[in-house]
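Visitor: Got a structure for you, written out below as structure tokens; questions coming shortly.
The values are calculated or read from the model by the stated rules, or taken from the named source; none is laboratory data. What you see is a predicted model, and the numbers here were worked out from it, not measured in a lab. With ideal geometry, Cβ positions are generated from the backbone for all residues, glycine too; neighbour counts draw on all protein chains shown. For accessibility, only protein heavy atoms count, side chains too; no ligands or nucleic acids. Shrake-Rupley method; radii C 1.70, N 1.55, O 1.52, S 1.80 Å.
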Amino acid sequence: MDRRGGRRSSAAFFLAAFLSLVPLPRALAGEIPPPAPRFESAECPFEIPSDGSVRYGRLVVPENRQKPGSGRTVSIAVLILKSRSDHPRPDPVLYLEGGPGGPSVAYYEDWLASPILAHRDLVLFDQRGVGNSLPSLDCPEIRTARMAASSPGLDGEAASRLLVDAAGTCAARIRESGIDLSAYNTAESARDLADLRKALGLRQWNLYGISYGTRLALRLLREDPQGVRSIVLDSVVDPAADEFGEAPANARAAFGRLFSAVSADPEARKAFPGLGETFMETAARLDRAPRAAGIRAPGGETVKIELGGADLYDAVYGFLYDPDSIPYLPLLIGAVASGDVSHLAMVAEDLLYDDLSDGLYYALQGHDEAPFSKIPPGGEDGYDPLRVERTMALAFGSGVADAEANAPLSSDVPALVLAGGFDPITPPEGSRRVAKRFSRGTFLLFPGQGHAVSMAPGPEKLVAAFLEDPSKRPDGSGLGENRVRPFETRLFMTSVPYRLYTRVFYDRDQETIAGILFLAVLFLAGVVSLVFTWLGRHRPGSSRWGLAARFAGGGAAVLDGAYMALFAMAIVFVSETAPAMLFFGLPHWAVHLAWLPRLALPAAALLVSGIPALFRDQGLTRQARGFFLALAAAQILFFLLIRSLGIA
């Protein structure tokens, strides 16, 4: 609504009325002409190949097309991956990321092996407010509030207030900087893309959206139908559905499909009888007696959090997105039921490191979806995966979308619509409804998949084949992704491998790396000491007890060093062959590695008992005595450490 100042006098009113009838040049009227959309090459903020296979640039468009006189613009990051073909097709593929608020440009390397590039260029972009696009709508206030909301002793109502207040604070800060939050929505983003197509000189392109990207693709099809050759919709967000209102029922249905699949698997049914009841009972027990845990916040600080029943629900719900993680969910539920909440703590920690733009997410949802939701802000009884999201979105005060934002769209554009059987957030029923609105649409359900079906190898090739010839009906019946994979029943359940892997390879944590290297070098030196001890066994002044202690210390170093090496090799092996397993643990055979430090412990104890004899041995230097003293301390502390972590 256009808000104008009150009239100070009738004369002023009539003058304004008269002038409103007289067309004035924009410059005289005090308006700034809206900038014409343009695409310009730009320096990439991260490293890209210099061989011309990747092109980076920026699309500059008005911030709010409804307020052309503001003069404000947004700069949208765009990255184009050139086809591997010498003669690519003239209609590239535009990929639309999920979220809303998920960046895609910085992750271009994930697409370098895509079969799409065999014949077509691929266009990636960061939606306005996201990633490398400017302005940024990041919300550190919300991330801080998420940690505070998990603090021990804080009840659910107080935690919700923290989050809602943080959303309001973030929105106020963004608004004070001059940003018009009402312009950060699906409709404006779709118009950005229509302008991008024209700026790139393309007659048509193909749309490929996943999750929220499907909603944006549908709006783009509505805004710019003549520019769309074909459309791929994976895990569809149906604009006509009530995303917030239907979330609890969608979650219950997904949990039901999981437990039904476990019951249909003979081995899993035997290993996990009554898994659904165990799941709900464990969540209820956590609600009655929450568990405390420590997680590592960005920056390295250890933060204490409290884990309740909702955290178990959230973890299982989140893993249903990933088909590679689904086979391990019965083991996860079993571990939590037995009292091990370390995996839940890692889930909570990982959520602090996502790169979703919170500001864009809540501004867009508060504009497009939340005002139309039929569920009251208080929600309903039972688990709701979006339990606070709607209220936070409304706290952004980003306006209300037009009627078309939530209207169903029908089209005769060739469409491929994909859905996963376990998908908890965009269930197959919604994707099927959308597919029926396309007169040339094909719907494919993959029962064994979760969210983002086309990321799997088989569906990925199916998408590329469809884009090559949209007139040919795709057939996914022979793909392995159709089957529900057997559930794992035996695993060395531990969160330690994943924790170490992320600390070393992602966080580059210097303390963790230094500790590992220190122990590795010390144990290696202990192994080498066996040679010198053997060579000097007849040296005058050496006691038998001292020699035995040194041999024992060297032997313990062999066992502890072997344990460290084999454990590290197991982590690397799993990370390369079954990455999803790493979060949950290691292959069951790895449990037997624990015998190595257990066998080393008596030898280390023998070394400790021989320390007095070592100090009486006249043939040993002061440095040698200090080394064996340090080796003994390290071996004892190493065992206590891995014992406390549950891996020995």
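Visitor: Which ones in the stretch 172-193 are of a type in the set (Phe, Trp, Tyr) and either out of contact with any Leu (no Cβ under 8 Å at 6 or more places or on another chain) or open to solvent by 10 Å² or more (accessible area, probe 1.4 Å) (or both)?
Guide: If the condition is that a residue be of a type in the set (Phe, Trp, Tyr) and either out of contact with any Leu (no Cβ under 8 Å at 6 or more places or on another chain) or open to solvent by 10 Å² or more (accessible area, probe 1.4 Å) (or both), then no residue fits.
Visitor: While we're here: Go through the stretch 601-648 and give me each residue that's over 23 Å from Ser342 (Cα atoms) and within 40 Å of the chain's Cα centre (by Cα).
Guide: Scanning the stretch 601-648 gives Ala634, Gln635, Ile636.
Visitor: Now, a different point. Working only within the stretch 476-525, note down all residues that are within 26 Å of the chain's Cα centre (by Cα) and open to solvent by 60 Å² or more (accessible area, probe 1.4 Å).
Guide: Arg483, Val484, Arg485, Pro486, Glu488, Arg499, Phe505, Tyr506, Arg508, Gln510, Glu511
Visitor: Within the stretch 71-93, does at least one residue satisfy the condition of being open to solvent by less than 70 Å² (accessible area, probe 1.4 Å), farther than 20 Å from Gln365 by Cβ and modelled with pLDDT under 95?
Guide: yes
Visitor: Considering every residue within the stretch 116-124, establish whether at least one is over 23 Å from the mean Cα position of the chain (by Cα), without any contact (Cβ under 8 Å) to a residue 12 or more places away in the chain and over 23 Å from Gly57 (Cβ atoms).
Guide: No, the stretch 116-124 contains no residue that is over 23 Å from the mean Cα position of the chain (by Cα), without any contact (Cβ under 8 Å) to a residue 12 or more places away in the chain and over 23 Å from Gly57 (Cβ atoms).
Visitor: Which one is farthest from the chain's Cα centre (by Cα) among residues in the stretch 247-271 that are under 17 Å from Phe422 (Cβ atoms) and charged (D, E, K, R)?
Guide: This residue is Asp265.
Visitor: Report those helices (runs of 4 or more DSSP H) wholly inside the stretch 262-333 carrying at least 3 residues which are open to solvent by 40 Å² or more (accessible area, probe 1.4 Å) and over 25 Å from Arg485 (Cβ atoms).
Guide: Passing ranges, in order: 275-288.
Visitor: Does Thr169 qualify as being closer than 30 Å to Cys139 by Cα, in a helix (DSSP H, G or I), open to solvent by 10 Å² or more (accessible area, probe 1.4 Å) and hydroxyl-bearing (Ser, Thr, Tyr)?
Guide: So Thr169 fits the description; yes.
Visitor: Across the stretch 613-636, what is the total count of residues that are part of a helix (DSSP H, G or I) and either farther than 23 Å from Leu535 by Cβ or open to solvent by 70 Å² or more (accessible area, probe 1.4 Å) (or both)?
Guide: Going through the stretch 613-636 one residue at a time, the tally reaches 8.
Visitor: In addition: List every residue pair whose Cβ atoms sit under 8 Å apart, with the two residues 6 or more apart in sequence or on different chains, where the first one lies in the stretch 188-209 and is more than 26 Å from Val453 (Cβ to Cβ) and the second, anywhere, is crowded, with 20+ Cβ neighbours inside 10 Å and basic (Lys, Arg).
Guide: Glu188/Arg128; Asp192/Arg128
Visitor: Tell me which residues, restricted to the stretch 126-143, are open to solvent by 20 Å² or more (accessible area, probe 1.4 Å) and either in contact with a Leu (Cβ under 9 Å, 6 or more places away or on another chain) or in a loop (DSSP other than H, G, I, E, B) (or both).
Guide: Passing the criteria: Gly131, Asn132, Pro135, Ser136, Asp138, Arg143.
Visitor: Still on this structure, please answer the following. Output the residues belonging to the stretch 150-193 that are closer than 30 Å to Ala345 by Cα, hydrophobic (A, V, I, L, M, F, W, C) and touching a Gly at 6+ places or on another chain (Cβ under 9 Å).
Guide: Within the stretch 150-193, Ala167, Cys170, Ala171 meet the criteria.
Visitor: Could you list, in sequence order, the residues of the stretch 234-260 that are without any contact (Cβ under 8 Å) to a residue 24 or more places away in the chain and either part of a loop (DSSP other than H, G, I, E, B) or farther than 27 Å from Ala415 by Cβ (or both)?
Guide: Within the stretch 234-260, Gly256, Phe259, Ser260 qualify.
Visitor: Any residue that is on the phi < 0 side of the Ramachandran plot, modelled with pLDDT under 95 and assigned to a helix (DSSP H, G or I) - is there at least one of those in the stretch 431-444?
Guide: Scanning the stretch 431-444, I find no residue that is on the phi < 0 side of the Ramachandran plot, modelled with pLDDT under 95 and assigned to a helix (DSSP H, G or I), so the answer is no.
Visitor: Filter the stretch 392-406 down to residues that are open to solvent by 30 Å² or more (accessible area, probe 1.4 Å), of a type in the set (A, V, I, L, M) and out of contact with any His (no Cβ under 8 Å at 6 or more places or on another chain) and give me whichever is farthest from Tyr362 (Cα to Cα).
Guide: Ala403
Visitor: Taking the conditions exactly as written (more than 29 Å from Arg38 (Cα to Cα), in contact (Cβ under 8 Å) with a residue 12 or more places away in the chain and either in contact with a Phe, Trp or Tyr (Cβ under 9 Å, 6 or more places away or on another chain) or not basic (Lys, Arg) (or both)), does Pro90 satisfy them or not?
Guide: No.
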